[in-house]
Amino acid sequence: MRSTLKASALALTAALAASSAFAGSHSLSGDLKIFLDTSNPAPRATMEAMIGRFQDMHPDLNIETTVIDREAYKTQIRNFLTADAPDVATWYAANRMRPYVEAGLFEDVSDLWAEPAIAANLASTKGAMTIDGKQWGVPYTYYQWGIYYRKDLYDQFGLSEPTNWDEMKSNCQKLLDNGVKCYTIGTKFLWTAGGWFDYLNLRTHGYDFHMEMAAGDVAWTDDRVRQTFANWRELIDMGAYVDNHQNYSWQEALPFMVNGDAAAYLMGNFAVAPLREAGLTDDQLDFYQFPAITEGVAMAEDAPTDTFHIPANANNKEAAREFLRFVVSAEEQTVINNGQNLGQLPVNASASIDDDKFLEQGFAMLSSNSPGGVAQFFDRDYPAEMAAEAMQGFQEFMVFPDNLDDILARLEQVRQRVYK
């Protein structure tokens, strides 16, 4: 699906004035070609309206916007970056951008990240945009992961939000003693187990080690990897997870929490809506950051991040840079991420967010309490084949933890094949 946007949208006066100050006042001209993968109706309308506001700021600029179905975009991106490249293109952060960085197809935009307005306000996402010490694009939206829990059950059993591993396990034991599982999860489609590995590994060894694994630089049989699984096994051996989770999708695991059979769910913020729709109130639901495990390891988070990039073969890099500045401005971040548009989190720490307690908590966590860095989620950070095999191994481990040696040996063979 393709369309071309020629006409500009109506400007939001206040946002426009402030964004003009952020983006600079000099006139831009020529053509600016923008490729988007935001083909679903709401994100498409959001992006087109934002581009319209940029057009209003630069009336001498001829902006052509092409929208491509997301799945088709993934198969076409290398071709269009190589031949007849646009000036700006959407993609994803961290290792998902690595193939195009290493192929010389994305522009180094470290100069933008050196500018005070971006350096100060986008600091929490810098790691996700960095490869080989340079930045290769800018983020425009993300959402938090963390532990959503039944506050009413915690209150009933005298529990508070844990801040470290011992408190997390102590809470879990108290819940189990009262006939409540600590965590619901559905691993039928595997990726939910990837979320647990991410957090246990990030908290045990930190962001840098986690990303070294994603880059294929650490053997799966390494003792440090085994330590992550040892921590995971403590929860498995306690009986922390709902039974037969391998038979449930993530949605099918929600009723355990809704009915009070499980107290919490490690999940992305997209779980809030169905929990509310199932009847849980915001007085019953709350959220906390996954607790620390290894003392001194900086807190890092999973926050899948969507991004804009300038292709190395772009023709109008001056206008493209100005557009990236505009996209990450506090004013635009406030508008495009509000509940009427993307309904996610702004990447600019000075932006405003909708009056929603979970978005507010996630924004505070990602803006000021994730100094370790922001990972993208297991199946975004790892190559597709490695991610698929590893997540299968995670599910097997959760059901048959005694199989760990075989699982790790198998995954090490996959690593050696995938990263050769």
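Annotations
- Charged-residue dipole, Cβ positions (Lys, Arg, Asp, Glu), the stretch 276-420 about Cα centre, Debye nearest 20: 720 debye
- With the simple model of a label 7 Å out from the Cα in the direction of the Cβ, D56 to E102 spans 4.4 nm.
- Net dipole in debye of the chain [+1 Lys, Arg Cβ; -1 Asp, Glu Cβ; about Cα centre; nearest 20]: 640 debye
- Full extension of the chain segment joining A72 with N40 gains 10.2 nm, where the gain is 0.36 nm per residue of separation less the Cα-Cα distance.
- Globularity ratio of the stretch 291-420, using Cα Rg and 2.2 N^0.38 Å: 1.41
- Pairwise inverse Cα distances across the stretch 86-207, averaged and inverted, put the Kirkwood hydrodynamic radius at 18.0 Å.
- Positive-end residue, the stretch 167-262 charge dipole about Cα centroid, Cβ charges, pick of A214, N247, L190: N247
- DSSP beta bridges confined to the chain are antiparallel in about 60 percent of cases.
- Here the stretch 301-379 is assigned +1 on the Cβ of each Lys and Arg and -1 on the Cβ of each Asp and Glu. Its dipole about the Cα centre then comes out at about 300 debye.
- The residues W191, W136, sorted by heavy-atom accessible surface at 1.4 Å with ligands and nucleic acids left out, run W191, W136 from largest to smallest.
- Long-range amide H partners of I63 with built H, under 5 Å: L32
- Degrees separating the helix 384-399 axis from the principal Cα axis of the chain, which is the longest one: 20 degrees
- Accessible area in the full protein assembly, largest first, 1.4 Å probe, for K420, K33: K420, K33
- Surface accessible to a 1.4 Å probe, S367 within the full protein complex, Å²: 40 Å²
- Lys/Arg +1, Asp/Glu -1 at C-beta; the chain dipole; positive extreme among V88, A117, S367: V88
- The chain: relative contact order as a whole-number percent, Cα under 8 Å and 6+ apart: 26 percent
- Globularity ratio of the chain, using Cα Rg and 2.2 N^0.38 Å: 1.01
- Legend: residues S370, S170, sorted from most to least accessible area (1.4 Å probe; ligands, DNA and RNA excluded), read S170, S370.
- Using a simple spin-label model with pseudo-atoms 7 Å out from Cα toward Cβ, E277 and A119 lie 4.5 nm apart.
The values are calculated or read from the model by the stated rules, or taken from the named source; none is laboratory data. This is a predicted model, so every value here is computed, not measured. In this analysis, Cβ positions are derived from the backbone assuming ideal geometry, glycine residues included, and neighbour counts consider all displayed protein chains. Each accessible area value is taken on the protein alone, full model and side chains, heavy atoms only, with ligands, DNA and RNA left out. Shrake-Rupley method; radii C 1.70, N 1.55, O 1.52, S 1.80 Å.
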